[in-house]
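Shown next, in structure tokens, is the structure this report addresses.
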Amino acid sequence: MFSTRSGAAKLALVCVLGLVLLKIVVTILTGSISILAQAVDSFLDVLAVGLTLFAVAVAVKPADEEHPFGHGKIENITAVVQAVLLFTAAGLIIYSSIRRIIYQEQIALTEAGIGVMAVSIVVSVLLSRHLLRVSKVTDSLAVEAVAHNIAADVYSAVGVLVGLAVIRFTGLIVLDPIIALPIAALIVRLGYRVMRNSFGALVDVKLPKAEEEIIVSAIMEHTGQLAGFHEMRTRKAGSQRFIDLHIMLPKNISVAEAHRMCDHLEEDIKKRLANSSVTIHVEPCDATECAQCLVSGCSVRVNVSRSA
């Protein structure tokens, strides 16, 4: 149930909502700004999960008349929004840390805060790992972004827990915000990574080099049938890959033979790269390059060599 994109997002929503309510209650009891920052951070996760549920529901819709290439880019848009939420959470932690350094607020019932942070760490670790597994299986950027969002909670929660423990045993309140500042920097780093991974698809950045090499490898395995290929273009929207290229075939083959060749090559590429849409443009070979042609038994090459 929770191994699908929508199922994983629903599980994340329930877990994070529970953590938010728990942190709000403990914030009221302790008066801790760092725990309040954690509650705000988790609330941003709730918004992120809500956006993911919306994105996943839209992204899985099939292509239609108004969206002939599908709805996959909604996942990329959602991931960018989640990156902004990560930056916002980092800013809140930095603000809370500076405020703590300046005003040196006292904290009550630190034991309750330590307990809540421990629970938050365990839940966030387990949840983020599950979401990352689901994102890899489903190739969902939106679910991956949520996983990184929740993983950021682990870093900040550890910092808050350590700070509360230090305060409990030493009374050095200033150590809490000092620990929180580098955690905010880690969250900024996570936000940058999510932004970088998702924004490229919005401007049609080509597929990773490793994936393009897989495509080229599939094409090169047909060198005995193809005279060549060029103008390969690739891009990705959500989990959907789009590939188009031009192939050169002997000019004397029939339309039916060319069609079979294209179908075979498309299926070969799709088997190697999931969720791929392949478009192939067929061109006749150039008889002046017959000497370099690798197509075996090509009658065009034979005719040219005889005329020579």
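The values are calculated or read from the model by the stated rules, or taken from the named source; none is laboratory data. Everything numeric here is computed off the predicted structure, so don't read it as measured data. Quick reminder, even Gly has a Cβ in these numbers, built from the backbone with ideal geometry, and neighbours come from all protein chains shown.
So, in region 125-160, of the ones that are within 15 Å of Val16 (Cα to Cα) and among the β-branched types (Val, Ile, Thr), which residue ends up surrounded by the fewest Cβ atoms within 10 Å (Cβ to Cβ)? Applying the filter and picking the extreme gives Val125. Annotation note: of Ala258, Ala147, the sole residue that is among the aliphatic types (A, V, I, L, M) and either outside any helix (DSSP H, G or I) or under 23 Å from Val123 (Cα atoms) (or both) is Ala147.
Of all the numbered requirements in (1) among the acidic types (Asp, Glu); (2) out of contact with any His (no Cβ under 7 Å at 6 or more places or on another chain); (3) modelled with pLDDT of 70 or more, Asp286 misses one, and that requirement is (3). Assess whether Ser120 counts as being within 30 Å of Ser198 (Cβ to Cβ), buried (at least 18 other Cβ atoms within 10 Å of the Cβ) and either out of contact with any Pro (no Cβ under 8 Å at 6 or more places or on another chain) or at pLDDT 90 or above (or both). When the stated conditions are applied, Ser120 passes them.
Residues are listed down the side, and each one gets a yes or a no for (1) in contact with a Cys (Cβ under 7 Å, 6 or more places away or on another chain); (2) more than 30 Å from Leu265 (Cβ to Cβ); (3) not assigned by TED's automatic domain parsing to the domain that holds Arg233:
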{"site": "Thr138", "(1), (2), (3)": "no, no, yes"}
{"site": "Ala151", "(1), (2), (3)": "no, yes, yes"}
{"site": "Ile179", "(1), (2), (3)": "no, yes, yes"}
{"site": "Arg189", "(1), (2), (3)": "no, yes, yes"}
{"site": "Ser217", "(1), (2), (3)": "no, no, no"}
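Listed conditions (1) at pLDDT 75 or above; (2) of a type outside the set (Asp, Glu); (3) over 18 Å from the mean Cα position of the chain (by Cα) are all met by Leu127, apart from (3).
Contact annotation: residue pairs with Cβ atoms under 6 Å, 6 or more positions apart or on different chains, pairing a residue in region 94-113 that is at positive phi with a partner that is modelled with pLDDT of 75 or more and not basic (Lys, Arg), are Leu109/Leu29; Leu109/Thr30.
Within region 259-279, the set of residues being farther than 13 Å from Gln225 by Cβ and touching a helix residue (DSSP H, G or I) at 6+ places or on another chain (Cβ under 9 Å) comprises Ile269, Lys271, Arg272, Leu273, Ser276, Ser277, Val278, Thr279. The set of residues in region 206-255 that are among the acidic types (Asp, Glu), surrounded by 14 or more Cβ atoms within 10 Å (Cβ to Cβ) and either outside any helix (DSSP H, G or I) or in contact with a helix residue (DSSP H, G or I) (Cβ under 8 Å, 6 or more places away or on another chain) (or both) contains only Asp244.
Total residues in region 128-158 satisfying the condition of being closer than 30 Å to Ile107 by Cα, in contact with a Ser or Thr (Cβ under 8 Å, 6 or more places away or on another chain) and not acidic (Asp, Glu): the figure is 5. Applying a threshold of 8 Å to beta carbon distances and a minimum spacing of six or more residues, or different chains, the list of pairs starting in region 253-273 at a residue that is on the phi < 0 side of the Ramachandran plot and ending at one that is in a helix (DSSP H, G or I) and of a type in the set (D, E, K, R) reads Leu273/Glu211. With the structure loaded, tell me whether Lys10 is at negative phi, among the charged types (D, E, K, R) and surrounded by fewer than 24 Cβ atoms within 10 Å (Cβ to Cβ) or whether it fails that test. It is true that Lys10 is at negative phi, among the charged types (D, E, K, R) and surrounded by fewer than 24 Cβ atoms within 10 Å (Cβ to Cβ).
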